[in-house]
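Asker: Would you mind keeping the following structure in view while I ask a few things?
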Amino acid sequence: MPDPARTPPRRSRLLADLAGLVHERAMIDPAAPVLAVTGLARERRMAAGEGVEAVGAGGNPHRLRQLLEARTQPGCRAVVSFGIAGGLDPSLRPGDVVVGTGVVSEQGRRAADLDLSATLLNILSGVGPRVIPADLAGVDTAVLAVDGKTDLRTTTGAAAVDMESHVAASFAGRHGLPFAAVRVICDPADQALPAFAASALTPDGEPDIAAVFFAFARGRARLGDLMRLARDSNAAFAALGRCRTRLGPGLGIPAPER
């Protein structure tokens, strides 16, 4: 049997981390809800339901961090990033579904819970034209340009990008909670978002009509851009709604055994 005194410090830290994670998982309340982390108000309303607590911060990852850090207790049994996303994989079109296998951000990669991801992938099979398992990229600033999407695809290998998954994964990791993600493509990789899109939301995640009108008045928005964005958004939310219906109570995540 190895002498604990001779155990390398790095290995000791790893064993301690694993022991802590096992303890935290054992403390998960099976009666607690699943926490759905969203950006837009429409996503939040869609995610909410039986066995689900939905939170969001209007597409602002800094405010989302503050909101989650204010929870002295996690109050949930799993964390799911739920909503729409920008495409990075050129083969994905609006309405295609990505079940996250991990989240890549400036802080590195955080893996999703493989069992949960497999469960969600199985439930969502056939819900849309394409349902794939793939990594997501998490960013703090909206990626609007096609070149920016291409670069992010190259550096991360991710299939889609959003502004909440990395925050949700970090929160789950701190509390030893299983993490999963369901994201539906809105704007594809070969399509830029209009510049005004980054500021066209209220703090609660509702569309900011005044900001859109102001963008038109200043020549920062074109009718064609709005029509295309509306078409893609409708396709994405229709697919997200089908996902939500298929997932059912608790977003399809089985409660851990007592």
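The values are calculated or read from the model by the stated rules, or taken from the named source; none is laboratory data. Only a predicted model underlies this, so the values are computations on that prediction, with no experimental measurement involved. Using ideal geometry, Cβ is built from the backbone for each residue, glycine included, and neighbour counts are taken over all protein chains shown. Accessible surface is based on the protein model in full, side chains and every heavy atom, while ligands, DNA and RNA are left aside. Shrake-Rupley method; radii C 1.70, N 1.55, O 1.52, S 1.80 Å.
Asker: Just the accessible area for R246, please: 1.4 Å probe, Å², rounded to the nearest 10?
Answerer: Solvent-accessible area, nearest 10 Å²: 100 Å².
Asker: Report the extension gain between E69 and T150 in nm, rounded to one decimal, defined as 0.36 nm multiplied by the number of residues separating them, less their alpha carbon distance.
Answerer: Extending this stretch completely gives an extra 25.9 nm.
Asker: Still on this structure, I have one more. How far is it, in nm, from the label point at R231 to the one at E50 when both lie 7 Å from their Cα along the line to the Cβ?
Answerer: Distance between label points: 3.9 nm.
Asker: Let me ask you something else. For the range 25-179, what % of the accessible area comes from carbon and sulfur atoms, probe 1.4 Å?
Answerer: In the range 25-179, the share of accessible area belonging to carbon and sulfur is 52 percent.
Asker: Which value in nm describes the separation of the simple spin-label points at T141 and D115, placed 7 Å from the Cα toward the beta carbon?
Answerer: Going from the T141 label point to the D115 one covers 4.0 nm.
Asker: At 1.4 Å probe size, with every protein chain present, just tell me what the per residue accessible area of the range 53-98 comes to in Å². Numbers along the way, then the final one.
Answerer: Values: 1630 Å² over 46 residues.
For the range 53-98, the solvent-accessible area averages 35 Å² per residue.
Asker: What trypsin sites (Lys or Arg not before Pro) in the range 84-151 are in a loop by DSSP, with at most 16 other Cβ atoms within 10 Å of the Cβ?
Answerer: Taking the range 84-151 and a limit of 16 other Cβ atoms within 10 Å, the loop trypsin sites (Lys or Arg not before Pro) found are R130.
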